[in-house]
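The values are calculated or read from the model by the stated rules, or taken from the named source; none is laboratory data. As the structure is a prediction and not an experimental result, all values here were calculated from the model. So basically every Cβ, Gly included, is an ideal-geometry build from the backbone, and we count neighbours across all protein chains shown. With ligands, DNA and RNA removed, areas are computed over all heavy atoms of the protein, side chains included. Shrake-Rupley method; radii C 1.70, N 1.55, O 1.52, S 1.80 Å.
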Amino acid sequence: MRILAIVKRIITEMFRDKRTLALMFLAPLLILSLMYFLFNSNSTTNATLGVSNVDSSLVKAVDNKHIKIHHYGKNINAKHVIRRDNIAGVIKQSGNKLTITYQNSEPSKSTIIKQSLQQGTIKLKFAALKAATTKQAAALKQQQAILQKLVKASPQLASQMPTSKSKTSQQAPKNYTTSSHYLYGTSKSNFFIQFLPILLGFFVFLFVFLISGISLLHERTTGTLSRLLATPIRRSEIIIGYLTGYGIFAVLQTLLLVWFAFNVFQVKIVGNFWLLVLINLCLALVALSMGIFISTFANSEFQMIQFIPIVIIPQILFSGLVPLSGMATWLQWLAHIFPLYYGATSLTNVATKGADLASITPNLLILIAFIIGFTILNIVGMKRYRRV
Amino acid sequence: MDTVIHATNIKKIYSNKTVLNGVSLDLIPGEIVGLIGPSGAGKTTLVKIIMGMESTNEGEVAVLGTKMPNRAVMTKIGYMAQSDALYDNLSGKENLKFFGQLMGVTGSKLDKAIAHAADVVNLTDDLGKRINNYSGGMKRRLSLAIAMIQDPDVLILDEPTVGIDPELRQQIWAELYSLKEQGKSVLITTHVMDEAERCDRLALIREGITLAAGSPKALKQEYQVNTVEDVFLKAGRLQDENSSNR
Ligand SMILES: Nc1ncnc2c1ncn2[C@@H]1O[C@H](COP(=O)(O)OP(=O)(O)O)[C@@H](O)[C@H]1O
Ligand SMILES: [Mg+2]
């Protein structure tokens, strides 16, 4: 009952505070849209491609107006060459095997090379197919002529037929096999979809952290918090009321963002939509309890903002935007103290690999442990205002 | 259960500064007790200690026979803090409703309580307005209305009439007297000496101790002066002389 009163109050206050509403619901959409256009724009139109020992027919096929070809000798070190000449990628050939190394510091350039190579090989196959059909047509004509002759003249000439057949089969297109390497990042580092789940988690985390923290801070500085504690309300009821009230807004925010990503950006996720919502709810509750906890160390809204570089920025760094696998071991371990790491990892796994509830449960449990831990700290911390 | 508030030998030290040094206070049903003293004397601190919102270094407080701090007893105490603690984005009515619900008042009872409390402080016509459109005096009145919302047995009011015009102050005192008639108790801190005159009993707190206590009449006799204000001044002077003699 008293929890309900708190929840109702939070909702009413929130709807009256248009600026905060906008911060929570419009700001993430704006940033998401910006990111979308940033990652998906093909503003980079040219990429320099190094070739080493590649069939000239293939090189010719791959070449188009977006590609600048650099020819290298046979025995080069691809990574070395890429670094030295700052080119977007190198293709090396041995036999039918193509080894492509991408610099990948600008993923859109990697995309250009990938597309050109794909188009090139297809072009080659078509050309080969066309050549084969033309040859076959010619051969057919020849055979017809021979057949006609055969009918007229002596039967010994018929032995010529198989020879012309074997000639056409020699022109079959080469079937290239390819393998790719990346100097920076991975093959997946280039897509908006890869960032989207992380961004989802991050937005919910940041905004809920700020809004709940500032709102409790406001209660503290205006004296309403100690006024609240002059009523028979339990300290836990205040905290749970806060978690519920702002939790509702966090879920709404997640739903809006995911809906937006699906319908406006046409992003396809592999996993279950509701799992994303569940993970985000857990993340939001961590952010809430953390925000409330941190707010006890701030005496003004500005001081709350000052915590962002300490509390929020490191979490972004370890949320998966920067691939963890490339980090030093101790940094990888450090990631494990940040809640956003668990949330973002789970979100990514669900959205891009279709992870199910069972496989993200360990991460969810860790998030729940964070929630419980901070909530207890908060409830105990309120003893400063009333000792029971 | 004879005493409504029973505070004994309260000692409070804030980082080396002794604010209260052995203050005792009793309040019986149907009594209005005024807490007076210079600014910074520790009136608010004492009130908070009685509410159980502040710890003590020594001494104990019992309210309605229950040792404080105690959560359940809070329902029976109507508290008005020295600074208004209201939700700016909510209307007067929503504030009243919220605190009423926290106090466990619900349904039609709550509606009646809101109407009555608003009437006492003359806010009935302004209940729909948001607090950020309220004047200082209106906020004070709303805080008082909130303190009365659950019809408590004890009212603890910390400077309730600051910024309230004389006419309305009369009305509020009329309400306090009517509560007193119903056997309820009021502890009030004040700076206004004509309000002090209206209390049944006064406690003058100065430099950490209860310098003088008794009914306004008895105090005036004791110090051989005509007003409570003079009691206040004379008692203070005597205390200063005493401490400088030592
Ligand atoms: N939280 C606190 N920390 C440190 N000192 C305090 C605190 N609250 C009050 N004080 C000090 O205690 C003294 C009494 O304050 P207060 O009870 O508000 O006085 P009054 O209400 O009589 O004006 C003042 O000197 C004040 O500075
Ligand atoms: Mg005071």
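The figures follow:
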item: Rounded if a/c under 1.5, otherwise prolate or oblate - region B:97-187, Cα gyration tensor axes; result: oblate
item: Solvent-accessible surface (1.4 angstrom probe) belonging to B:C199, in square angstrom, nearest 10; result: 10
item: Aspartates and glutamates with Cα under 20 Å of A:K383, excluding same-chain neighbours fewer than 8 positions away; result: A:E219, A:E237, B:E54, B:E58, B:E60
item: Distance from region B:189-242 to region B:1-36 (C-alpha centre basis), Å; result: 16
item: Residues of type lysines that A:K65 reaches as a straight line, Cα spacing below 23 Å, ignoring anything fewer than 8 places off in the same chain; result: A:K92, A:K109, A:K114, A:K123, A:K125
item: Chain A: relative contact order as a whole-number percent, Cα under 8 Å and 6+ apart; result: 18
item: Theoretical FRET efficiency, 1/(1+(r/R0)^6), r = Cβ-Cβ of A:N46 and A:R83, R0 22 Å, to 0.05; result: 0.70
item: Label-point separation, B:M193 to A:D17 (7 Å along Cα→Cβ), nm; result: 4.5
item: Computed helical MRE - 222 nm, chain B, DSSP H runs ≥ 4 contributing -39500 (n - 2.57), nearest 500; result: -12000 deg cm²/dmol
item: Positive-pole candidate from A:L206, A:N46, A:L228, dipole of the protein assembly as shown, charges at beta carbon; result: A:N46
item: Rg over Rh, two decimals, region A:190-385 (C-alpha only, Kirkwood Rh); result: 1.00
item: Rounded tilt (10° steps) of A:192-222 against the dominant C-alpha axis of chain A; result: 10
item: Gain upon complete extension [B:S215, B:K109; 0.36 nm per residue less C-alpha separation]; result: 34.5 nm
item: Cα-based reach from A:K174 at 17 Å (exclusive), listing aspartates and glutamates while leaving out same-chain residues under 8 positions away; result: A:D55
item: Cα-based shape type of the protein assembly as shown, given that a ≥ b ≥ c are square roots of the gyration tensor eigenvalues and the cut on a/c is 1.5; result: prolate
item: Computed lengthening from A:R234 to A:A328, 0.36 nm per intervening residue step minus Cα-Cα distance; result: 29.3 nm
item: Area accessible to solvent at B:K43, 1.4 Å probe radius, in Å²; result: 10
item: Chain A: most fluctuating residue of A:L229, A:L364, A:L150 per GNM, C-alpha cutoff 10 Å; result: A:L150
item: Equivalent ellipsoid dimensions for region B:111-246 as semi-axes, Å, which come from the Cα gyration tensor, largest first; result: 34, 16, 13
item: Charge dipole magnitude, Cβ of K and R +1, D and E -1 - region A:190-385, Cα centre, debye nearest 20; result: 300
item: Net charge, A:S52 excluded, C-beta distance under 9 Å - Lys, Arg +1, Asp, Glu -1; result: +2
item: Expected 222 nm ellipticity per residue - DSSP helices of 4 or more, -39500 (n - 2.57), all of chain A, to 500; result: -22000 deg cm²/dmol
item: Sum of side-chain charges, A:I113 neighbourhood, beta-carbon under 12 Å (Lys, Arg +1; Asp, Glu -1); result: +1
item: Global form of region A:247-354, assessed from the alpha-carbon gyration tensor, a/c cut-off 1.5; result: oblate
item: Three semi-axes of the equivalent ellipsoid, chain B, Cα gyration tensor, whole Å, largest first; result: 31, 20, 17
item: Charge context of A:I379, other residues only, Cβ under 10 angstrom, K/R +1, D/E -1; result: +2
item: Listed pairs A:K18/B:K48; B:K180/B:K217; A:K74/A:K353 exceeding 30 Å between Cα atoms; result: A:K18/B:K48; A:K74/A:K353
item: Point-charge dipole on Cβ atoms (K/R +1, D/E -1) for chain A, about Cα centre, debye to 20; result: 1280
item: GNM flexibility winner over chain A from A:Q93, A:Q118, A:Q144 (Cα, springs under 10 Å); result: A:Q144
